[in-house]
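The values are calculated or read from the model by the stated rules, or taken from the named source; none is laboratory data. It should be emphasised that the depicted structure is a prediction, and the values quoted were computed from it without experimental measurement. Counting neighbours? That spans all protein chains shown, and the Cβs are built from the backbone with ideal geometry, glycine included. Side chains are part of the model used for accessible areas, which takes the heavy atoms of the whole protein and leaves out ligands, DNA and RNA. Shrake-Rupley method; radii C 1.70, N 1.55, O 1.52, S 1.80 Å.
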Amino acid sequence: SYDRPLTIVRGAMQYLYDNKGRVYLDAVNNVPHVGHSHPRVVRAAQQQMDILNTNTRYLHKNLIEYAERLCDTLPDPLSVCYFVCSGSEANELAIRLARTHTGRNDLVVLDAAYHGNSTTLIDISPYKYEGVGGFAQKDYVRKVSLPDTYRGEFRSDDHSAGEKYAREVKVAFDSSERSVPAAFMCESLPGCGGQIIFPECFLEFAYQHARAAGAVCIADEVQVGFGRVGTHFWAFETQNVVPDIVTHGKPIGNGHPLGAVITTEEIARSFNNGMEYFNTFGGNPVSCATGLAVLDVIEDENLQERAKVVGMHLITRLNGLKEKHSLIGDVRGLGLFIGIELVRDRETLEPADMEADWIINQMRNEQILISTDGPYHNVLKIKPPLQFSKDNADRLADTLDSILSSI
Ligand code: PMP
């Protein structure tokens, strides 16, 4: 992650401690969603581990209670829940559901997308197969442009940019070279793509086109779910859509290996074809106790609202820095999902990748952890645990300001 690697030995809320006792402000880890080693989550897991942990061969109240609680956070008709152990497993299962339901094979994905580490998911993740060590796009994959209103074909001054980007989704489904795809799969806000905020109505139109072709819509909420975007619990809600399948990972277990897939009864019925789905660790009593505690903490500590307020404050501060430092080309974000795109020239948008790398290393030396991402590795990525405070945001902005001033 950094030129001088860190040995982290302890975590508490939005802070990490290294083996020399130094404390770091964590502005990058979205897995410890409610805070590193949050005591309520730790206790819940410890207590259940003390009593029982089995696979799902038996009835258990934690499983039912957690499935119901999770489904309650989602709009109708999303009501059937499968538990898995990672974001990759969730996306793999989502693809199986979509293929079984539609009887089709092909998939439509966004450019620069990342959906996980399995063979199929690497096949459908341009972030990987187009990168170092990559390979040619597989026959069953159709890729459409990333709706990036800063760098893409249709920019933020175009009020119908969302509709225009979605037209490519229509073309991907209509093209007659191969059979019609099974699904349109995308993150509700692309993270690895460079913290992209979709233009208004993009998903609305994209979903319409996919459904008109008889396909299903899969929302990957692995990075952006559980209140991170502030205004809503799920990022797809910011685009006024209801997916057919939603996948969860990372923040769902606050670091415990947990994932979930939630779909409609209709799709679940198609999948219930006799083959059976079995997952040894998915949905075990300890995982469910952990997941339930995460939901409790988000609610009881008002973390979604906190993400909204602190995120807005940080974005305002960062926009202030953009006025002062020409290296900052764009500041974008929703809640505590924030990207700062660095460019050498605001006209040509030449990516400032080396500068971005240098900055995150300087930030690390100042004991603040952020990372870079995006197709050009020039986007500073901010996605802290939701315990992040206004004071933390000010410290991050002040430090970034002085580092930018020193270039
Ligand atoms: N989807 C998205 C959007 C992700 O960011 C990731 C992980 N970076 C995954 C899926 C895969 O999750 P996991 O690493 O838990 O398998």
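So for the chain, taking the charge dipole from beta-carbon charges (+1 Lys/Arg, -1 Asp/Glu), which of L380, S270, H256 sits furthest toward the positive end?
H256
Helix-derived [θ] at 222 nm for the chain: sum -39500 (n - 2.57) over DSSP H runs of at least 4, divide by residue count, nearest 500?
Helix-only estimate at 222 nm: -11500 deg cm²/dmol.
Ignoring ligands, DNA and RNA, what percent of the 1.4 Å accessible area of the stretch 299-407 is carbon and sulfur?
Percent of accessible area from carbon and sulfur atoms in the stretch 299-407: 45.
Going through the stretch 258-362, which GluC sites (Glu not before Pro) have at most 12 other Cβ atoms within 10 Å and a DSSP loop state?
E276, E347
Note down the magnitude of the dipole of the stretch 295-407 about its Cα centre, charges +1 on Lys and Arg C-beta and -1 on Asp and Glu C-beta and zero elsewhere, to the nearest 20 debye.
Result for the stretch 295-407 is approximately 140 debye, rounded to the nearest 20.
Which Cα, out of L107, I51, G35, lies furthest along the positive dipole direction of the stretch 34-137 (beta carbon charges, K/R +1, D/E -1)?
Positive-end residue among those listed: I51.
Please return the longest range in the chain lying between exposed loop sites, taking trypsin sites (Lys or Arg not before Pro), DSSP loop only, at most 14 other beta-carbon atoms within 10 Å, and leaving the sites out.
Of all site-free stretches, the longest is 179-345.
Just to confirm the filter: which chymotrypsin sites (Phe, Trp or Tyr not before Pro) across the stretch 1-103 are DSSP coil and have at most 10 other Cβ within 10 angstrom of their Cβ?
Passing sites in the stretch 1-103 are Y58.
With a 1.4 Å probe and every protein chain left in place, work out the accessible area per residue of the stretch 94-234 in Å², rounded to a whole number.
On a per-residue basis, the stretch 94-234 sits at 38 Å².
Considering the chain as a Gaussian network with a 10 Å cut-off on Cα pairs, which listed residue, L318, L146, L349, attains the greatest mean-square fluctuation?
Evaluated over the chain, the most mobile residue of the options is L349.
Roughly what % of Cα-Cα distances in the chain sit above 26 Å, to the whole percent?
Summing the P(r) of the chain above 26 Å gives 54 percent of all pairs.
A 24 angstrom limit on the alpha carbon distance is what I want to check against. Which of K143/K164; K250/K322; K308/K383; K138/K164; K61/K383 exceed it?
Checking Cα-Cα distances, K250/K322; K138/K164; K61/K383 exceed 24 Å.
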